[in-house]
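The values are calculated or read from the model by the stated rules, or taken from the named source; none is laboratory data. The model shown is predicted, which means the values in this text are computed figures rather than measured ones. So basically every Cβ, Gly included, is an ideal-geometry build from the backbone, and we count neighbours across all protein chains shown. All accessible areas refer to the heavy atoms of the entire protein, side chains included, with ligands and DNA or RNA removed. Shrake-Rupley method; radii C 1.70, N 1.55, O 1.52, S 1.80 Å.
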Amino acid sequence: MKAIILLGAPGAGKGTLSESVKNATDFIHISTGDMLREAVKAGTPTGLEAKSFMDKGELVPDDVIMRIVEERLSQGGLDDKYMFDGFPRTLEQARLLDEAMTKAGGVISQVFLLEVPTPVIVSRLSGRRICKNCGAVYHITNIPPKVEGICDRCGGQLYQRPDDTEATVLNRLDVYQRQTASLIDFYEKKGVLVRINAGETPQEAAKEMLEQLA
Ligand code: AP5
């Protein structure tokens, strides 16, 4: 088992970049944010537990996250290649992921840090729109749909994520600095950190990441 990680602040473009990399490679995309939103929508016990944290922009407890990730990994094969998006997000999650990978005989080969200036991030999140039906991600000015409010891919309606309001976005950025940014140092010391300039267009970020992908 092999895994790469996309690390970066909320709105850095992890989900958008994952789409391009998934289409160009055989990595399986695992987004803990998407998995949690599906659990909330389905009203499962995990979803009910996670919702109050997500609405405030706080992190969901480590034990809940590890349970859903380990359950997902247990469905895969030994030769699978995973691309984690938004996970790990605390040093404890990183340590537990290391343990799980070692147990499975796997390795975290590269951790891509998406670097984007904070004002760009705030504008990306406030303009983000998502398709209710297929989950495609747009931006009202950077990556607009052909028809306002309608998904190009499936014709579904676009909506704004409840945690993309200004107050919650600012809290998410603060949570990132307090609880997640220390992972940069953690993975740098392991020699697997790769910095990507993700402040330009999605195409440029994807090109840079694919060139660096070992
Ligand atoms: P999650 O869904 O992971 O949210 P996030 O990390 O806050 O990241 P986002 O999805 O907001 O942004 P992104 O980096 O994917 O950017 P995107 O590509 O959409 O987590 C949500 C919540 O779940 C958390 O707050 C937490 O409560 C919980 N959670 C999840 N994982 C957890 C974990 N491991 N532990 C604990 N709790 C967890 O792009 C953003 C916008 O910019 C879009 O509109 C896009 O179109 C646009 N855009 C993207 N790239 C570019 C570009 N290059 N140029 C111009 N525009 C761009």
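Scanning segment 150-163 for residues that are open to solvent by less than 30 Å² (accessible area, probe 1.4 Å) and more than 20 Å from the chain's Cα centre (by Cα) returns 151, 156. Scanning segment 3-29 for residues that are more than 6 Å from the ligand (Cβ to nearest atom), touching a residue at least 60 places away in the same chain (Cβ under 8 Å) and of a type in the set (S, T, N, Q) returns 18, 20, 25. When residues in segment 135-148 are screened for being under 26 Å from residue 51 (Cα atoms), open to solvent by 30 Å² or more (accessible area, probe 1.4 Å) and more than 9 Å from the ligand (Cβ to nearest atom), 1 of them pass. Of all residues in segment 152-178, those that are more than 10 Å from the ligand (Cβ to nearest atom) and of a type in the set (Val, Ile, Thr) total 1. Residues in segment 31-49 that are open to solvent by less than 10 Å² (accessible area, probe 1.4 Å) and either more than 10 Å from the ligand (Cβ to nearest atom) or outside the structural domain of residue 197 (by TED's automatic domain parsing) (or both): 47 alone.
Looking only at residues that are without any contact (Cβ under 8 Å) to a residue 40 or more places away in the chain and either under 21 Å from residue 184 (Cα atoms) or in the same structural domain as residue 14 (by TED's automatic domain parsing) (or both) in segment 99-133, which one is most open to solvent (accessible area, probe 1.4 Å)? It would help to see each step written out before you state the result.
First, the residues of segment 99-133 that are without any contact (Cβ under 8 Å) to a residue 40 or more places away in the chain: 99-100, 102-103, 119, 123, 127, 129-133.
Filter once more, keeping what is either under 21 Å from residue 184 (Cα atoms) or in the same structural domain as residue 14 (by TED's automatic domain parsing) (or both): 99-100, 102-103, 119.
On the way: 99: 96, 100: 27, 102: 105, 103: 183, 119: 100 Å².
In this case the residue turns out to be 103.
Scan segment 193-201 and give yes if some residue there is more than 12 Å from the ligand (Cβ to nearest atom), open to solvent by 50 Å² or more (accessible area, probe 1.4 Å), under 17 Å from residue 17 (Cα atoms) and at pLDDT 95 or above, otherwise no. For segment 193-201, residues more than 12 Å from the ligand (Cβ to nearest atom), open to solvent by 50 Å² or more (accessible area, probe 1.4 Å), under 17 Å from residue 17 (Cα atoms) and at pLDDT 95 or above: present. Counting the residues of segment 168-189 that are closer than 24 Å to residue 108 by Cα, free of Cβ contacts under 8 Å to residues at least 12 places away in the same chain and either over 16 Å from the mean Cα position of the chain (by Cα) or open to solvent by 70 Å² or more (accessible area, probe 1.4 Å) (or both) gives 5. Identify the residue in segment 50-98 that is closer than 12 Å to residue 179 by Cα, open to solvent by less than 30 Å² (accessible area, probe 1.4 Å) and not in a loop (DSSP other than H, G, I, E, B) and, among all such residues, is nearest to the ligand (Cβ to nearest atom). Result: 93.
You will find that of 204, 211, the residue that is surrounded by fewer than 13 Cβ atoms within 10 Å (Cβ to Cβ) and not β-branched (Val, Ile, Thr) is 211 and no other. Could you check segment 129-175 and list, in sequence order, the residues that are within 22 Å of residue 9 (Cα to Cα) and touching a Pro at 6+ places or on another chain (Cβ under 6 Å)? Once the filter is applied, which keeps residues that are within 22 Å of residue 9 (Cα to Cα) and touching a Pro at 6+ places or on another chain (Cβ under 6 Å), segment 129-175 yields 138, 172.
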